[in-house]
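Here is the structure we will look at.
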Amino acid sequence: QVQLVESGGGSVQSGGSLRLSCVASGYTYSKYSMAWFRQAPGKEREGVAAINSDGRTTYAASVKGRFSISKDGAESPLYLQMNNLIPEDTAMYYCAADLRCRDWRLLLSTGNYNYWGQGTQVTVSS
């Protein structure tokens with residue numbers, strides 16, 4: 001069973017940066033799809049950024065040019081570098097994983113992930 005643990009959240013002012021990390025327990029996985037989702041109070045969960053084991057990435061339009069997802073091979077943690085943060089980025093951020101290399105067009109769909117972390121809070125003040 002896969003266990004995911006996020007870290008790196010915090011409280012920053014508008015324009016600041018954070019880097020989130022997601023560590024998967026257990027053995028190294030050669031095939032995977034992993035993503036960051038976020039959910040603000042009263043709102044639905046939103047796909048933010050995703051990557052698969054082919055190295056393909058996709059981003060929500062609202063974070064393009066500001067966020068960058070990376071994973072340096074199966075053994076590496078998943079990262080989300082968040083720059084130029086704005087208050088609208090405030091949310092609980094969740095790491096998600098599936099042990100298949102999904103097509104990039106599916107990577108931001110919540111239904112394609114069966115492993116989820118507990119979340120890490122990101123708060124951006126103006």
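The values are calculated or read from the model by the stated rules, or taken from the named source; none is laboratory data. Values in this document were obtained by computation on a predicted structure and should not be read as measured data. Please note: Cβ atoms are built from the backbone with ideal geometry, for glycine as well, and neighbour counts cover all protein chains shown. Please note that ligands, DNA and RNA were not included when accessible areas were found on the heavy atoms of the full protein model with its side chains. Shrake-Rupley method; radii C 1.70, N 1.55, O 1.52, S 1.80 Å.
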query = So is Trp36 modelled with pLDDT under 95 and hydrophobic (A, V, I, L, M, F, W, C) or not?
reply = no
ask   = Tally time: how many residues in region 32-50 are touching a Lys or Arg at 6+ places or on another chain (Cβ under 6 Å) and either crowded, with 22+ Cβ neighbours inside 10 Å or among the charged types (D, E, K, R) (or both)?
value = 4
query = Which residues, counting only those in region 1-37, are in contact with a helix residue (DSSP H, G or I) (Cβ under 9 Å, 6 or more places away or on another chain) and farther than 18 Å from Pro77 by Cβ?
reply = Ser14
message = As an exercise: evaluate Val12 against (1) surrounded by 15 or more Cβ atoms within 10 Å (Cβ to Cβ); (2) aliphatic (A, V, I, L, M); (3) under 15 Å from the mean Cα position of the chain (by Cα) and give the number of the one condition it does not meet.
response = (3)
message = Go through region 109-126 and report how many residues are farther than 15 Å from Tyr32 by Cβ and in contact (Cβ under 8 Å) with a residue 60 or more places away in the chain.
response = 11
request  = Just need a number here: residues in region 23-51 that are in contact (Cβ under 8 Å) with a residue 60 or more places away in the chain and not in a strand (DSSP E or B).
outcome  = 4
message = Residue under question is Ser30, and the condition is that it be more than 11 Å from the chain's Cα centre (by Cα), of a type in the set (S, T, N, Q) and modelled with pLDDT under 95; does it hold?
response = yes
Output for region 10-22, where each listed residue is among the hydroxyl-bearing types (Ser, Thr, Tyr) and outside any strand (DSSP E or B) = Ser14, Ser17
request  = Go through the residues of region 15-22 one by one and say whether even a single one is hydroxyl-bearing (Ser, Thr, Tyr), surrounded by fewer than 17 Cβ atoms within 10 Å (Cβ to Cβ), in contact (Cβ under 8 Å) with a residue 60 or more places away in the chain and over 22 Å from Thr110 (Cβ atoms).
outcome  = yes
remark   = Within region 115-126, restricting to residues that are outside any strand (DSSP E or B) and open to solvent by 50 Å² or more (accessible area, probe 1.4 Å), the one that is nearest to Gly55 (Cα to Cα) is Gln118
message = Checking Asn112 against (1) touching a Lys or Arg at 6+ places or on another chain (Cβ under 8 Å); (2) over 25 Å from Gly16 (Cα atoms); (3) open to solvent by 50 Å² or more (accessible area, probe 1.4 Å): exactly one of these is not met. Which one?
response = (3)
